[in-house]
Structure formats: C-alpha cells, structure tokens
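The structure appears below as structure tokens.
The values are calculated or read from the model by the stated rules, or taken from the named source; none is laboratory data. Nothing here was measured: the structure is a model prediction, and the numbers come from that model. Ideal geometry is used to build each Cβ from the backbone, glycine not excepted, and the neighbour counts take in all protein chains shown. For the accessible areas, the whole protein counts, side chains as well, though only heavy atoms, and no ligand, DNA or RNA atoms are used. Shrake-Rupley method; radii C 1.70, N 1.55, O 1.52, S 1.80 Å.
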Amino acid sequence: MLSRPRLELLGDRRFLRLWSVGAVSSIVRWLEMLAVGVYVFDVTGSPLQVALFTLLRMLPLGLFGAFGGALGDHGGRHRIMTIGLVCMCLVSFALATLLLGGRLELWHIGLATFLNGLFWVTDFSVRRPMLAEVAGIARMGRALALDTLAANGSRMLGPLFGGALLEFVGLGGAYLLGAALYVLAVLAMAGAGAADDGASRARENVWRNAAESLGYLRSRPLMTAVLAVTVVFNLWCFPVLAMIPVIGKNDLGLSAFPVGLLMSAEGAGVLLGASAIAACVHARFYRRLYVGGVAWFACAALAFAHSPSASVAGIALLAAGLGLAAFSSMQSTLVLVHTPPGERGRMMGLLAVCIGSAPLGLLHIGWLADRIATPVAITIVAIEGLAVLALVCRRFPEILRWEDVQGEAAVPGTGT
C-alpha cells in the first residue's frame, strides 16, 4: 500500500492530470495490442504476422526515440502531448468507422499501430520528464511510483477490455472505446497547464542534441549497462508477450475473452510486483532488482511455453509479471536518478531507442514460431536471453553493485 505522502501528490492538479493521461493512454495501448493480436491471428493464422504487427508498434521507439528526447528538451512538451493525443483519437475513430463500413483492411491496422508507436515515443521523452519536473527532486520517487502503478494496472485492465470487446462486440468496439478514452486524455491534458518547459534549449538544434546524448553516454558506463540490459529484455523477453494470443488460441484452444484473461494475468503480476516494490524496496537494491527481473521473466517464460493448461499458463504469466515489475520499475529509475535534470529528456529518448530494439526480437520469435512449434520458439528465445544477460553482467559488473545513492523506498517510472 502506498503511504499518505505518495497519495498527496494526487492533490496536485497538474500532476494528477499528467498522471491520468499516462494511465488512460496505457490502457488503450494494451487493449489494442491484445485485440489486434487476436484479430490478426484469426485472419491470417500466422504467428509471424502477429509478431509483425507488434513490431510496427515498437519500431518508432527505435527509429525516433533519441529525436523524441531531444525534441522534448527543445521545448513545447505540453503542445507535443496534446497534438499526439488528438491524432490518436482521430486514428482510433477512423479505424472503427472503416470497420463498421466493411472497408477495414490489415494495412489500415498496421498503419494505425505504427502511429500508436509514434505517440508512445512522446510518453517516454515528453510526459515522464514533465511528471518529474512537476514533482521536483524531493518528490520524484513518489511521483514516478504512482505513474508505475497506473501503467502496470493498465496492463491488466487493457487486455481484459480488449478480449471482452473483441469477443462480444468485435474489433470496432475496441477502437471506439479507444477513441473515447483518448478524448478523456485530451481533456485532462488541456487542464495540465502549458508552462514553458524547454526555454533553455529553445535555440538549440534538435539533431545536435540527439548526437550529444550519445557522447554523454560514452562517459557513463552505468548508463551503458542500464541500456544494454534494456536491449536484452526487448530482444529476448518482450517478444514472448506477442505470442500469448498464439499460445492461447492455437495451443490452449481459447477464445478471445479467455486469451484476454490470460494476458491480464501477466498485468496482474506486474501490478502486484510494482506495489510491493513501491512499498518495501530501498534504493540500494535498484540495480540488482533490475537485472534479476529480466532473469526471472525469462525463466517464467520457459514455464509458460510448456504449460499443459490455461490455469498453469496464467500462473506462469503472473510470475513473469513479477519479474517485469522489477525490471520496468528500475529502468526509468536508474536513468533519472543518475542523470542531471538538463539531460533527462535526451537520456529517456535513448532509453526509448533501446526499447525500440524489440522489432528485431519480434522478427526472430515470429520467424521461429512460423517454422517450428511456438512453445519451442519461446524456449529458444528465453535461453538466448539468459545467456546474453550473463555476458552483459560480466562486461559491466557495476550493474550488479549495490546502489550507492540515497533514495526513497519507491519506484520511479516504468518501461516496456
């Protein structure tokens, strides 16, 4: 349970609105990820196609993450977020209209998924630095702990809504709900204030800022290690989540709503894990939780791949969610704690780029699953991930050292 000081942040009007925008956007993201995954597998019967549509959602992070961070530091964060929310609302409504008119094609869904990924870039490099600035240094841990819980709660609610809507209403209902939720997010953002949050960089070149962030990284081995572990997770762990609809439909014989329940089990694990970490964990454990979360997730993925029933698969995904909670909670924490305020937007942009490495992992697991059994593909990918994680820890031993900063027993932020 969160303490009263953490909950008092919700009394700050600007913080509450920015926090609400993140929660609503994340619900829509996970709702659509489940609904699109099930729909595409029903239409194509191909695990590779399911992986490719998830790839389209992740690709913008890799392509534009660094520029998104530089753009956020350049200024106009409130305007960037508002424009992005309006665009995503229009996209969701357009897809629902096309579907209801019988004109929706897979390439429409693919384009919309890519645009959703573009908007996701702004969440890392624009909205989260705004949250940190509103809270201030003294309250940063508490602020981003609340953001973590909202984001992780959406991992449970989004698939539940997506599976239910897909089974009982259809894909059009999922997109209509998404459009309505984006309208709420636009209204929340409108009341979040539009203070000048980037004047100090107003005349700097966005491209040069992005290049300078790489120079900053070269002198920070701990940051390099943090980003390397992020790459490991997104190449060899996150792609397993894209295979949940395939395992659920093909191997366990489930319909859309039970598949949504299955994916929500992973979200429930993330929520439980994040809540426990926010309440109990001291800052000195940050680095080991970060690495341990990746290893735990990979082991749970192995159990999920060979689950004999839906109930066992749900338990395995619940366990995977606990590992993901440790990893994702520490991800932004380590970046923000060890980065000066003026560099945070750019470093969060680089973090988005590393998360954007997931498309390569999705291609890998999708290609394997199309040629061999999906459980075997997950097994191969998980073992590869554990091996590479061990190599990263050997190359960057500082990632396993006890954290040497004085911090709160809280969880600042979340990643994939």
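So is residue 195 part of a loop (DSSP other than H, G, I, E, B), open to solvent by 40 Å² or more (accessible area, probe 1.4 Å) and at pLDDT below 90 or not? Answer is yes for this residue.
Condition check ((1) on the phi < 0 side of the Ramachandran plot; (2) modelled with pLDDT of 85 or more; (3) open to solvent by less than 10 Å² (accessible area, probe 1.4 Å); (4) touching a helix residue (DSSP H, G or I) at 6+ places or on another chain (Cβ under 6 Å)) across all residues:
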site: 24; (1), (2), (3), (4): yes, yes, no, yes
site: 28; (1), (2), (3), (4): yes, yes, yes, yes
site: 39; (1), (2), (3), (4): yes, yes, no, yes
site: 43; (1), (2), (3), (4): yes, yes, no, no
site: 50; (1), (2), (3), (4): yes, yes, yes, yes
site: 56; (1), (2), (3), (4): yes, yes, no, yes
site: 66; (1), (2), (3), (4): yes, no, no, yes
site: 74; (1), (2), (3), (4): yes, no, no, yes
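In this entry, residue 103 is excluded by the filter for residues that are at pLDDT below 85 and basic (Lys, Arg). Counting only helices (runs of 4 or more DSSP H) that fall entirely inside the stretch 241-358 and contain at least 2 residues that are modelled with pLDDT of 90 or more and open to solvent by 50 Å² or more (accessible area, probe 1.4 Å), the qualifying elements are 256-280, 286-305, 310-337. Any residue at all in the stretch 282-294 that is under 23 Å from residue 53 (Cβ atoms) and out of contact with any Gly (no Cβ under 7 Å at 6 or more places or on another chain)? There is no residue in the stretch 282-294 that is under 23 Å from residue 53 (Cβ atoms) and out of contact with any Gly (no Cβ under 7 Å at 6 or more places or on another chain).
Residue pairs whose Cβ atoms lie under 7 Å apart, separated by 6 or more positions or on different chains, with the first residue in the stretch 11-23 and outside any loop (DSSP other than H, G, I, E, B) and the second hydroxyl-bearing (Ser, Thr, Tyr) and open to solvent by less than 20 Å² (accessible area, probe 1.4 Å), are 23/154.
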